[in-house]
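What follows is a set of notes on a single structure, which appears directly below.
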Amino acid sequence: MLYLDHAATTPLRPEAAAAMAPWLGPQFGNTSGSHAISRRAKNALEEARERVATVLGAKPAEIVFTGGGTEADNLALMGRAAVSGQVVTTAIEHEAVLATSSFLARLGREVAIVSVTSEGVVDPDAVLAATTGDTAVVSVMAVNNETGARQPINEIATALAEQGIPFHTDAVQAFGSQAVSASQADLISLAAHKFGGPQGVGILYVREGTRLDPLLNGGGQEMGRRSGTHNVAGIVGMTAAMEAATSDRARFVAATSEARQRFEAKLSDRVERTIPVDSAVPHISHLRFEVPADTMLVRIDRLGLAASAGSACQSGATTISHVLEAMGVSPETARRSLRFSFGWTSTPEDGEQAAELVLAALEEGR
């Protein structure tokens, strides 16, 4: 199987597997205990926190370990909305943000959804205009998980900082291809399995001084911000993957850019890009075909190529992508769109091979 669905999840990096191995076998321990076994686990946890903080340019106390990107998004929005006021977000956010916003709206919170351009990019001025004097948090993703469109989060962060409004960014799809820094937002969500770490573990960066009420209550772990027994194996694996992805970023960008370019060049007469190349991260290719996406997925899967029709987090979804709908794409066109995403294991040759399989799939219907 030629795997081009890295935006959904990417293989475990060897550095992460090596770091996790002891904690999946002879080493264990509850980090909240007081004996030697627990202290060893606690030391591993806090060392990981320090290393993650170094990568992000943050303080260790600003790092909250979570059960993944979805939990991090939920904690960011609900933890701030519990404080006060309005939530502002965009129409193309991940379901973890949009569903949480809808839940808060049902509880009576004011929620403003900002529209985007036909290229899937939000206008910073529109975001700022949607805020009020009672805005608890603004949430805008760094990179769209379906189209790969980069969002102007630095401009948004600057404008909101001048107004004293807390800013959250879901940077889950961004970290592999671009640097993510604590200077970019007050709250930042990351998920390990998007950059070569294990599934089921993530990070919420919380800038010092930003009030955040807990989503999970219990033993008071993570300085009271996220209760629950720590997944030590997952956390140390995520930390190793984060450091490896940071060191590997230049190579990753070059390899995925070349792979995507070769892939799209061989398909140029048969497909159309959803957004301009310059607007997207290098590893995501979102294309429109002449046949339905579900038909293409069956064909390419049979030929040994894995891709996706949209977000892998929309379990069992049969409706068209809310992202494409927000961009003004017609339902008929949206149903002919597929996402191909390259990753740290991809080679430039994978792009050409994948294109040949796609062309073979297109010819099946002729």
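The values are calculated or read from the model by the stated rules, or taken from the named source; none is laboratory data. What you see is a predicted model, and the numbers here were worked out from it, not measured in a lab. No Cβ is skipped: glycine too gets one built from the backbone with ideal geometry, and neighbour counts run over all protein chains shown.
Which of the residues belonging to segment 330-351 are hydrophobic (A, V, I, L, M, F, W, C) and without any contact (Cβ under 8 Å) to a residue 60 or more places away in the chain?
Within segment 330-351, ALA334, LEU338 meet the criteria.
Quick one: which of ALA53, ALA61, ALA41, ALA19 is buried (at least 20 other Cβ atoms within 10 Å of the Cβ) and either of a type in the set (Phe, Trp, Tyr) or within 27 Å of ALA179 (Cα to Cα) (or both)? Full working, then the answer.
Numbers: ALA53 fails: buried (at least 20 other Cβ atoms within 10 Å of the Cβ); ALA61 fails: buried (at least 20 other Cβ atoms within 10 Å of the Cβ); ALA41 fails: either of a type in the set (Phe, Trp, Tyr) or within 27 Å of ALA179 (Cα to Cα) (or both).
So the residue among ALA53, ALA61, ALA41, ALA19 that is buried (at least 20 other Cβ atoms within 10 Å of the Cβ) and either of a type in the set (Phe, Trp, Tyr) or within 27 Å of ALA179 (Cα to Cα) (or both) is ALA19.
When ARG80, ARG109 are checked against the criterion of being touching a strand residue (DSSP E or B) at 6+ places or on another chain (Cβ under 8 Å), buried (at least 17 other Cβ atoms within 10 Å of the Cβ), among the basic types (Lys, Arg) and farther than 24 Å from THR229 by Cα, a single residue qualifies: ARG109.
GLU325 meets all of the listed conditions (1) closer than 26 Å to THR100 by Cα; (2) out of contact with any Pro (no Cβ under 8 Å at 6 or more places or on another chain); (3) among the acidic types (Asp, Glu) but one, namely (2).
Just one of the listed residues (VAL64, VAL111, VAL52, VAL137) is within 30 Å of ALA334 (Cα to Cα), of a type in the set (A, V, I, L, M) and touching a helix residue (DSSP H, G or I) at 6+ places or on another chain (Cβ under 8 Å), namely VAL111. The condition (being among the basic types (Lys, Arg) and closer than 29 Å to ARG336 by Cβ) is satisfied by just one residue among ARG150, ARG109: ARG150.
Considering each of PHE289, PHE342 in turn, give the residue that is within 30 Å of VAL52 (Cα to Cα) and in the same structural domain as GLU356 (by TED's automatic domain parsing).
PHE342
For ALA259, the requirement of being out of contact with any Gly (no Cβ under 6 Å at 6 or more places or on another chain) and touching a residue at least 24 places away in the same chain (Cβ under 8 Å) is not met.
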